[in-house]
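Report on the following structure.
The values are calculated or read from the model by the stated rules, or taken from the named source; none is laboratory data. These numbers were taken from a predicted model, which means no experiment stands behind them. Glycine gets a Cβ as well: all are built from the backbone with ideal geometry, and neighbour counts include every protein chain shown. Please note that ligands, DNA and RNA were not included when accessible areas were found on the heavy atoms of the full protein model with its side chains. Shrake-Rupley method; radii C 1.70, N 1.55, O 1.52, S 1.80 Å.
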Amino acid sequence: MKIAVDISFYPLNEEFITPIKDFISRIKEYEKVEIFTNSMSTQIRGEYHEVINALTVEMYDSFNSVPKSVFAIKILNNPLSD
């Protein structure tokens, strides 16, 4: 099953750009997911387990790096293909 995720990361500290860029660059390392960024959020597409596993690992690392932070996530199953 293919899914699309719209995710925004909000580190709740003065230095917020670096953790966001780090999260995006780590997600980009996953070969089996597609990633698209814009000024408001990041879209990640791929097979359900590939995307969810990537998010599980990378969100955990982000929470450890920035203990006060928020992820806002929307998940769509069966997204339209390009």
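Data table
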read-out	value
Portion, in percent, of the accessible area of the chain that falls on carbon or sulfur, probe 1.4 Å	56
Rough spin-label spacing in nm, given labels placed 7 Å along Cα→Cβ, for residue 26 and residue 72	2.2
Cα-only Debye scattering, region 28-82: base-10 log of I(q)/I(0) at q = 0.24 Å⁻¹	-1.15
14 Å beta-carbon shell around residue 27, net charge (K/R +1, D/E -1)	-3
Cα long-axis angle, helix 17-28 against the chain (0 to 90 degrees, to the nearest 10)	30
Virtual spin-label span in nm between residue 64 and residue 40, 7 Å along Cα→Cβ	3.3
Exposed GluC sites (Glu not before Pro) absent - longest run of the chain, DSSP non-H/G/I/E/B, at most 16 other C-beta within 10 Å	32-82
